[in-house]
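Following: one structure in structure tokens, then a few remarks.
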Amino acid sequence: MITLHIEESESNTAFLPGLVYFMSSIALLSIYGYTPKFKYFDFLDIVDKVYKKDEKQTHVATTEIFCALLLVGKRNPSHQKELDERIAEKLEVIFSSEITQSSLNIWKIFSWWLPSHFDLRRVPKITSAICDFDIEREGRISPFIISSRITLLKSYLSASLNRFHNVCRYVV
């Protein structure tokens, strides 16, 4: 299903909330044992198999899978801590070196859409991956990556409205 979605997304790379909700339904069924051959964390294995940093459509599929898995936490938070750690690890890598000009808008939608539909206070490591970064003065990080991180933070804050998470930590 994911591979087909990626192939179809070559011409139209759009974040599809309907697919997010569909995948979250499958993930919820897997948590309750209705899919014995497909487990909840198999979704993350799929991300590892399909994600390619240079292909925009795999960024879309990755954001949709991450959102779907996190939405399941609203109904069953049993795997949330492990999911928080595993997704945050992947986000750190993507946000620090794999974001490109063509994939930035996808992650911008992720940073806006997810906090609009899910309380990110439940996953502090993911929140930190989006919000917590340093602007180095030595120039080891490209200006594009710094600009991208600021853009993602802005998207997150605009979605969170008045629900800031330890705002003093981020605004100095």
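The values are calculated or read from the model by the stated rules, or taken from the named source; none is laboratory data. Predicted model only: the values in this text are computed from it and were never measured. Reconstructed Cβ throughout: ideal geometry from the backbone, glycine too, with neighbour counts over all protein chains shown.
Since residue 54 meets every condition but one in (1) under 25 Å from residue 144 (Cβ atoms); (2) surrounded by fewer than 13 Cβ atoms within 10 Å (Cβ to Cβ); (3) modelled with pLDDT under 90; (4) more than 15 Å from the chain's Cα centre (by Cα), which condition does it not meet?
So the condition that residue 54 fails would be (3).
With of a type in the set (Phe, Trp, Tyr) and over 20 Å from residue 16 (Cβ atoms) as the only criterion, which of 95, 110, 43 stands out?
95
Does the stretch 120-159 hold any residues that are touching a helix residue (DSSP H, G or I) at 6+ places or on another chain (Cβ under 6 Å), hydrophobic (A, V, I, L, M, F, W, C) and surrounded by 15 or more Cβ atoms within 10 Å (Cβ to Cβ), and which are they?
120, 123, 126, 129, 130, 131, 133, 152, 153, 159, listed by residue number.
Give the number of residues within the stretch 48-69 that are free of Cβ contacts under 8 Å to residues at least 60 places away in the same chain and either under 14 Å from residue 110 (Cα atoms) or among the aliphatic types (A, V, I, L, M) (or both).
Residues flagged as free of Cβ contacts under 8 Å to residues at least 60 places away in the same chain and either under 14 Å from residue 110 (Cα atoms) or among the aliphatic types (A, V, I, L, M) (or both) within the stretch 48-69 amount to 14.
Scan the stretch 17-32 and report the pairs whose first residue is within 11 Å of residue 71 (Cα to Cα) and in contact (Cβ under 8 Å) with a residue 40 or more places away in the chain and whose second residue is part of a helix (DSSP H, G or I) and among the basic types (Lys, Arg), with Cβ atoms within less than 6 Å and a gap of 6+ or a chain change.
none
So, residue 30, is that one over 25 Å from residue 134 (Cα atoms), modelled with pLDDT under 90, out of contact with any Leu (no Cβ under 6 Å at 6 or more places or on another chain) and among the hydroxyl-bearing types (Ser, Thr, Tyr) or not?
Values: over 25 Å from residue 134 (Cα atoms): yes; modelled with pLDDT under 90: no; out of contact with any Leu (no Cβ under 6 Å at 6 or more places or on another chain): yes; among the hydroxyl-bearing types (Ser, Thr, Tyr): yes.
When the stated conditions are applied, residue 30 does not pass them.
Checking residue 78 against (1) over 15 Å from residue 67 (Cα atoms); (2) at pLDDT 90 or above, only one condition comes out false. Which one?
Residue 78 satisfies all of (1) over 15 Å from residue 67 (Cα atoms); (2) at pLDDT 90 or above except (2).
Applying the selection to the stretch 83-119, what residues are part of a helix (DSSP H, G or I) and crowded, with 21+ Cβ neighbours inside 10 Å?
Our first condition is that a residue be part of a helix (DSSP H, G or I); within the stretch 83-119, this holds for 83-98, 104-117.
Selection gives 83, 84, 87, 91, 106, 107, 110, 111, 114, 115.
When you check residue 126 against the structure, is it touching a residue at least 40 places away in the same chain (Cβ under 8 Å), assigned to a helix (DSSP H, G or I) and hydrophobic (A, V, I, L, M, F, W, C), yes or no?
yes
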